[in-house]
Amino acid sequence: MRITTARRIAQAFFFLLFAWLCLVAAVGTGWFQWRGWPIRWFLELDPLVAVGTVLTTHSLYPGLAWALGTIVVTILLGRVFCGWICPFGTIHQAAGWIGRHGRRPKLVIDSNQYHPLQRLKYGILAAFLVAAAVPPKLTGLAHLHTGLLDPIPLVQRSFNLVVLPVAGLGSGGGFSGGRFYAESVVIGTVFLGFVLLNFAVPRLFCRFVCPLGALLAILGRAAPFGIKTRKHACTECGACNLNCEGACNPKGPIQVSECLLCMNCFEDCPTSHPIGYGPRPSLAGEITSPGLSRRGFVASVVAGLAVVPLSRLSGSDANNWQAGLVRPPGAVAEDEFLARCIKCGECMRVCPTNVLQPAGFSTGMEVLWTPVLNNRIGTSGCQMDCVACGYACPTGAIRRLTLDEKLGRGESRGAGPIRLGLAAVDRGRCLPWAMGRPCIVCEETCPVSPKAITVEEAQGLSPDGVAVRLQRPVVDPSRCIGCGVCEHECPMNGIRAIRVSADNESRDPAHSILLHHENKS
Amino acid sequence: MKPETSGPDPAPPSRREFLRRAVQAGAGVAVTAALGAWLLDRRPPGTIGRIAAVDARRSFGPKGAGPTLSIITGRARRQMLRRGLAAVGGIERFIARGDRVLIKVNAAFASPAALAATTHPDVAAELVTLCLAAGAASVIVTDNPINDPESCFELTGIGPAVRAAGGRLFVPRADSFHPGTVEGSRLIRDWPVLHSPFAGVTKLIGTAPVKHHHRAGASMTLKNWYGLLGGRRNQFHQDIDGIVSELARMVTPTFVVLDGAQSMMSNGPTGGSLADLKETRTLVVSTDPVAADAYGATLLGKTHRDLPYLAAAAALGAGTVDFESLRPVRAAAEEEG
């Protein structure tokens, strides 16, 4: 079997596995739904997720130890991950293949020439990592921004929130679609845009943008094994560029950092065995440096240093915290949350009620595409007996809760339930409070026992003067867990008359409105 | 440089180079494994950035017995203060050579001294002067105000007066607070408490004006300790008597000065008009803040029963509401000519 056939099989296998793990990341009764599948696996394999969160938190979340394996393989063999495993890479390769099909070989060869702008990705990586590494003593915890361009979170987010739902595979309830995702147009456009750009330049994302590729390139640039070109047999015909995925100039001197080990150059070389694989260095010369100029590096570092104070400047994780952002159960306090979340969308895909949504641009770049509850979209707020999101989260931005811990019972008795926020009645919109009409759907559907919503009895008058017995809802902040079921059910269909904000959320003691002893009840 | 297209490859330096790279890669793998093992779940989610609470008790009670309460009538605050201190044993009874003194004033609002919503600059400055004269090594004046801190200290006149008297002003910043717990407290648990100005401090003086307060009934020397709290402290207004009494137990001052030269009778605690004030011409010096406030209540036409936090503070061992039992020294200050 030819090596490129083996590579194609590997790519197909990992791509299908990736798509499958996206598909099964759903809680439900369908045979295919989450039954211990390692749905986080591709994210856990991703060294940029591991390195980024280690830089911000100084700790490696256990599942991310898989990334150590990727790092070791890369140190020994180079960018195998990019050429053989990465599902986003496979999509680019396929799109690029379609894009160049039938074009004149001269143009194709030219499009696969090494381009100096390929160094841009090292600058992007440096800026991201410097931003993640700024010591907490200087500015507080750094926010992690790698997830915006890291290919695994990017493709995972795109599949979870756009590709599968658009294909009608979005539902937690079966192959029936029916899921909604805010922000899907932007997320989908970014994804589709990068895929379509392969028609202009093959693997444009991989070559020019990908910060993970840049990280792997640096890790693998001194790999003891790699592509070897024997100069004496080479006629410099350039055919090796015909299908070169990395634009690494195989005929030599090879740009080691750019080589994705696609091995297409083996196939395309018309002479016998000038290009092979083996112990390095390649005899036709090697360029192992990523080539980022000192000026470019300094600019990246400065940009990275500026990112942290810049993204904290809004105060959105301090006094100006956004009470409109209700985080999922088990989410850690906002500063640590933003140090961990990679915006992969796993929690939003797995959430059985669809209540978890990506935050939009209007809430700030620093929280873009992080998970928030939207009780109008969800089928029924956040379900009391569900902790799925924490188990889908690869980085610990959402902790893995037991049900006892979530509900403050059993072994967690005395610690209080996890509160996502607090429901508040808008008395100007509430039917019994403002319009003399009976209702109390919110009280009925409140899942807490005893209920967090009680009623005040009142006597009202209907428009034609008939006395009406009214029950007016009142929220007890010491009982409300902010699940949002009441908000979802409120008959005021547009702007609900009872709405949950993150006030009183238990993940940050500074947001509590309860006195200490009440908090533990 | 144009690469050669024919002829044998140059003699391979490649074996040595390959070995070098192999060793380098091996080292890289070892470092990766070691770092991974060391970092693995070092700080589980939810544990980052959380600082353990320290003991929030602030105990600076005076040593030795002696009169604990003096009630001085007069008009000029400096004289009243000196007379009041003399009546309870003089400043030397409380401040020794080398003491580092912290004075907690009430600088809550950025309003002029004439409105008596804040500690009068004369009282703050005279306390600084007396402490320094008694040999104090340093005198720091602080508060965590409600209005903008810099504006509060400047517009009340406290800042300029303290600096002129040789004291140091401490304007709190975000990092001046540390989570603190008072053992046995229901409310002050893992709560940000003013911390850094207390470093090295050996004596604590509290001073506040007598003011009407809509939620607490009155704001005097005990309510003044509210200014040692940081964070979103206003949630304690849900249990004002609870928090003031627990503050009384948290803080044991060396002595307190309650300034009733004028009392804010209405529209408190901000006031804002001279019409809110009444000349009550009294100043209290006491080692027992509960007794001081119980007396202060009378200046507002109330008794300690109108202020439930006083009895609660007394029950927590912070003092007595029966100020007469302390046999207060009553005197008139000499009026300045």
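The values are calculated or read from the model by the stated rules, or taken from the named source; none is laboratory data. Keep in mind that this is a model prediction, so the values were computed, not measured. Cβ coordinates were reconstructed from backbone atoms using ideal geometry, including for glycine residues, and neighbour counts include every protein chain displayed. Accessible surface areas use protein heavy atoms only, side chains included; no ligands, DNA or RNA. Shrake-Rupley method; radii C 1.70, N 1.55, O 1.52, S 1.80 Å.
Between the alpha-carbon centres of the range A:29-74 and the range A:229-283 there is a gap of 33 Å.
Here the simple spin-label model places points 7 Å from the Cα toward Cβ, and for B:ALA174 and A:ALA415 these points are separated by 2.8 nm.
Legend: residues A:LEU125, A:LEU148, sorted from most to least accessible area (1.4 Å probe; ligands, DNA and RNA excluded), read A:LEU148, A:LEU125.
What the range A:3-287 shows is 36 Å² of accessible area per residue, with the surface traced by a 1.4 Å probe over protein heavy atoms. The residue among A:ILE377, B:LEU169, B:ILE140 whose Cα reaches farthest toward the positive pole of the charge dipole of the protein assembly as shown, with charges on the beta-carbon of Lys, Arg, Asp and Glu, is A:ILE377.
With a Förster radius of 45 Å applied to the beta-carbon distance between A:PHE297 and A:SER362, the computed FRET efficiency rounds to 0.85. Karplus-based coupling profile of the range A:467-480, in residue order and whole Hz: 5, 10, 7, 10, 10, 10, x, 9, 9, 9, x, 7, 10, 5, with θ = phi - 60° in 6.51 cos²θ - 1.76 cosθ + 1.60 and x standing for Gly or Pro.
In chain A, carbon and sulfur make up what percent of the accessible area (probe 1.4 Å)?
64 percent
For the residues of B:189-195, the average number of beta carbons from a partner chain within 10 Å of their own beta carbon is 2.
Mind running the shape call on the range B:59-332? Use the C-alpha gyration tensor, a ≥ b ≥ c as the square roots of the eigenvalues: rounded below 1.5 for a/c, prolate if a/b tops b/c, oblate otherwise. Rounded, because the longest to shortest axis ratio a/c is under 1.5. Solvent-accessible area lost on pairing B with A (1.4 Å probe, both sides summed) amounts to about 3500 Å².
For B:ALA110, the residues whose amide H sits under 5 Å from its own are B:ASN147, ignoring neighbours fewer than 5 places away on the same chain, with H placed 1.01 Å from N. Simple spin-label estimate for A:LYS137 and A:VAL166 gives 4.8 nm between the two label positions (7 Å along the Cα-to-Cβ direction from each Cα).
The mean number of Cβ atoms from other chains found within 10 Å of a Cβ in peptide A:509-516 is 5, as a whole number. For the cross-link pairs B:LYS63/B:LYS211; B:LYS203/B:LYS302; A:LYS106/A:LYS231, the ones whose C-alpha atoms lie over 27 Å apart are B:LYS63/B:LYS211; B:LYS203/B:LYS302. At the residue level, A:SER512 shows approximately 10 square angstrom of accessible surface with a 1.4 angstrom probe and all protein chains present.
A 1.4 Å probe run over the protein chains yields, for chain B, 43 Å² of accessible area per residue, whole-number rounding. The listed residues A:LYS121, A:LYS137, B:LYS203, B:LYS63, once ranked by accessible area (1.4 Å probe) with the largest placed first, stand as A:LYS137, B:LYS63, B:LYS203, A:LYS121. Close amide H contacts of B:VAL329 (hydrogens built in the peptide plane, cut-off under 5 Å, sequence separation of 5 or more or a different chain): B:LEU69, B:SER70, B:ILE71. In the complete set of protein chains, residue-level accessible area for A:LEU129 is approximately 30 Å², probe 1.4 angstrom.
Residues whose amide H lies under 5 Å from that of A:ILE498, counting only those 5 or more places away or on a different chain, are A:ASP426; hydrogens are built 1.01 Å from N in the peptide plane. Taking all protein chains as shown and a probe of 1.4 angstrom, B:THR47 keeps an accessible surface of around 70 Å².
Each Cα pair under 8 Å and six or more residues apart adds its separation to the average, and for chain A the resulting relative contact order is 15 percent. For the set A:TRP433, A:TRP97, A:TRP37, the ranking by accessible area, highest first and with no ligand, DNA or RNA atoms included, is A:TRP97, A:TRP37, A:TRP433 under a 1.4 Å probe. Charges were assigned to the Cβ only: +1 to each Lys and Arg, -1 to each Asp and Glu. The resulting dipole of the protein assembly as shown about its Cα centre is roughly 2340 debye.
Ordering of A:192-202, B:183-193 by packing is B:183-193, A:192-202, highest average first (other Cβ atoms within 10 Å, averaged per residue). The alpha-carbon atoms of chain A, seen along their principal axes, cover 101, 49, 39 angstrom, with the largest extent given first. Solvent exposure of the range A:421-521 amounts to 48 Å² per residue of accessible area, where only protein heavy atoms count and the probe is 1.4 Å. Across the range A:52-63, coupling constants 3J(HN,Hα) worked out from phi with the 6.51/-1.76/1.60 Karplus curve, θ = phi - 60°, read x, 6, 5, 5, 7, 10, 6, 8, 9, 5, x, x Hz, and Gly and Pro carry x.
The phi-based Karplus calculation (6.51 cos²θ - 1.76 cosθ + 1.60; θ = phi - 60°) puts the 3J(HN,Hα) values of the range B:111-119 at 9, x, 4, 4, 7, 6, 8, 9, 4 Hz, whole numbers, x for Gly and Pro.
What's the average, rounded to a whole number, of partner chain beta-carbon atoms within 10 Å of each residue's beta-carbon in B:121-132?
What the average comes to for B:121-132 is 0.
Ignoring aspartates and glutamates fewer than eight residues from A:LYS406 along the same chain, the ones with Cα atoms less than 13 angstrom from its Cα are A:ASP385, A:GLU505.
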